[in-house]
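Please read the structure below before turning to the comments.
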Amino acid sequence: MSRSPRLPAAWARGLAAALTGLTLLLVGWCVAAAFVVDGAPSGADVIRGVAGGVGFGVLGGLVAGRRPQLPLGWLMLAAGLSSAFSSACDALAWWAVGRDLGALAEAAYWMAGWSWAPGYLLPVTLVLLLFPTGRPPSPRWRPVVALSWVVVLVATAGWALTPYEEQDFAPPPAFADAEPVLAVPGAGVLLTVALPLFLVCAVAGVASVVVRWRRSEPRSHDRDQLSWLVLAAAVLAGLLGIALVTPGTGPGLIAVAMLAVPLALAVAILRRGLWQLDLVLDRSLVYGGLTLAVVVVYAALVWLAGSLTDGVGPDLRIAAVVVAAVATAPLRDRLQLAVNRLLYGDRDDPEAAMARLADRLDAATHPADVLPAVAQGIVRTLRVPWAEVETARGARGGAGTPTGLAVDVPLHYQGREVGTMRVAPRAGESGLGARELAVLERLARQAALAAHAAALSEDLVRSRERLVLSREEERRRLRRDLHDDLGPTLAATAMKLESTRDLVARDPEAAAAALDVAAERLRASVAGVRRIVDDLRPPSLDGLGLAGALREQLDQFGDSVELCLDVRVPDELLRTLPAAVDVAAYRIASEAVTNAVRHAQPTRVDVVLEVVDHELALTVTDNGTGMPEHVRAGVGLESVHHRAAEVGGTCAIHTRPGAGTVLSARLPLETP
């Protein structure tokens, strides 16, 4: 039971490998024949076969071997084999003509005359219709798929059965007397019917890709994959259409057209993880490139030996193979490096990765662009689908599309963790390899600097916001005090003085009494002005310092409560405290003691000032009744929290009903 599902897959992989190997052998024969066969087919015909055979054959073999249930792989493999087989038969026909093997020449020429049709028709019809899932876009497209199959079969049969004199292209002089192996008079009607139907199917194939592209989510992997194929389909259909109406340029245009779709699919595989074939394609590209290099060098050596001697015997051919293999051996490392860079970015070149990331950071013109620039640099550098950089304070910047799986790399700056870098592995991989992690460790140093800079920028923005808010709050308080308190008092005093002027001559005693009232109001206004000034900054802080001002403030509560002030901060540090911290500590302590005495009914209140972890720590403890569990914060409690936050500090209140309250504030010794 466990083996039954494995056997078909094993057979499929073996068949795909065999057909791919056959395709490459036929391509090798085409290349070699172009150099050694007299009267060989034109270079454009050879390039057409090589381009179709390598482009569709190798890529189709990879897909068919890795995903045998997907019909696209087999269709591409069939297209590649068709192109390679047609060009190989053409070369065989010319080789047989040179050796007076008439029957073989006629048979090979006949097979070359119709076997190219699947390689020409399949890519622009069925491959486009079924990409990338192996199914049409919707059931309504199934008739188009069926019609495409009919067109491929009818066109192939038409070219195979139509006599040469009924075809559009006359045979070359060397095959002027050749006869098709199978010929049916009147079979040319099949070509007449197939051509317009092929154009309809080709347009439908391009339209199906466009439909899939429009239905995909914007900026998704599916749309990125389809975008390349839309462009390739347009190029393929356009070039093949031109080739149909311009017979003289047909082979060259077909050769270029055959590369459009394979190149688009290769980009989709390499950059977007299509079908998860990038790991297989790595080795295939390397060894495929080496094979092609060996074939080219071998063909060149055989051609050179043939031009210098009367003939090329088996010994010279074996020697040419050995020399070609030895000459191309050093090419492997260069090919591997180039393919790795294409697939995996700069993982094998950390210095280049660092340089690319540095360039992206230099290009970031706004602090908010720094984290996205780092993430985008990682995505581009390592060819991963997604990366994100998050600071310790929650700021984030990402690039790419999340895949649900990520590797976290902590970012450290001067021994302190400042953020996290998250990277998603490539499609088909469950994690990152040792080389990727090593590169990420080096990239994390620059990313940590960027995260630290982003945090500093965020702190600066918040500090500016706090400064603006504090300034506007102070302005609003001053306006309220001047407009609602001092202004009406002065206006009323002015009116009293004006009315007193009329009483001076008529009733001096009433005038004197009115002047006394006005004087009292003016004294109250002066006291109001002093209060407003004192609210800006208590004058006792300037005269007595923080410790002395607190003692003076605590003395106002009399003998009803035992108040104890414990200052554990050196006098030199107290004198150099920032003005904002000075005022915040004074106001918080005053408000805390006032709230405790008024509401908690304590018998003792302790105020402690000390330095803890480079911060000014203020603790106010009472032994009163404490606060209820669900008490709503009033103006006083909100005020102490607000004053601590204004200077970048924190404030916490701990209480137990009946067991007293502890207020703890931490204020920075250097304000932001």
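Every number here is computed from the coordinates shown, using simple stated rules; none is lab data. These figures come from a predicted structure and were not determined experimentally. Virtual Cβ from ideal backbone geometry, glycine too; neighbours counted across all protein chains shown.
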Amide hydrogen neighbours beyond the local backbone of residue 407, cut-off 5 Å, H modeled: 423, 424
Residue 142 paired with residue 256, simple spin-label distance in nm, labels 7 Å along Cα-to-beta-carbon: 4.0
Karplus-derived HN-Hα couplings along region 68-80 (A = 6.51, B = -1.76, C = 1.60, θ = phi - 60°), whole Hz, x at Gly and Pro: x, 6, 8, x, 4, x, 5, 5, 5, 5, 5, 5, x
Mean Cα-pair separation over length for region 544-668, i.e. relative contact order, pairs under 8 Å, 6 or more apart, %: 25
Sorted peptide list for 617-627, 638-648, criterion being average Cβ within 10 angstrom, highest first: 617-627, 638-648
Ascending count of other beta-carbon atoms within 10 Å, so fewest first, for 557, 175: 557, 175
Ranked list, fewest to most other Cβ atoms within 10 Å of each Cβ, for 452, 412, 614: 614, 412, 452
Sorted by Cβ neighbour density within 10 Å, fewest at the top, the residues 581, 569: 569, 581
Point-to-point label distance, residue 179-residue 499, nm (Cα→Cβ direction, 7 Å offset): 13.8
Phi to ³J(HN,Hα) by Karplus 6.51 cos²θ - 1.76 cosθ + 1.60 over region 579-596, Hz, x for Gly, Pro: 4, 5, 5, 3, 5, 4, 5, 5, 5, 5, 5, 4, 5, 5, 5, 4, 4, 5
Selection from 515, 495, 525 lying farthest towards where the dipole of region 487-530 points positive, charges on Cβ: 525
Charge context of residue 565, other residues only, Cβ under 13 angstrom, K/R +1, D/E -1: -3
Two-site label geometry, residue 575 and residue 211: point separation in nm, points 7 Å out along Cα→Cβ: 8.7
Cut-off under 5 Å, modelled amide H: who pairs with residue 567 long-range: 609
For residue 418, residues with placed amide H under 5 Å, excluding near neighbours: 411, 412, 413
Residue-wise HN-Hα coupling along region 204-212, computed from phi with Karplus coefficients 6.51, -1.76, 1.60 (Hz; x: Gly, Pro): 5, x, 5, 4, 5, 5, 4, 4, 4
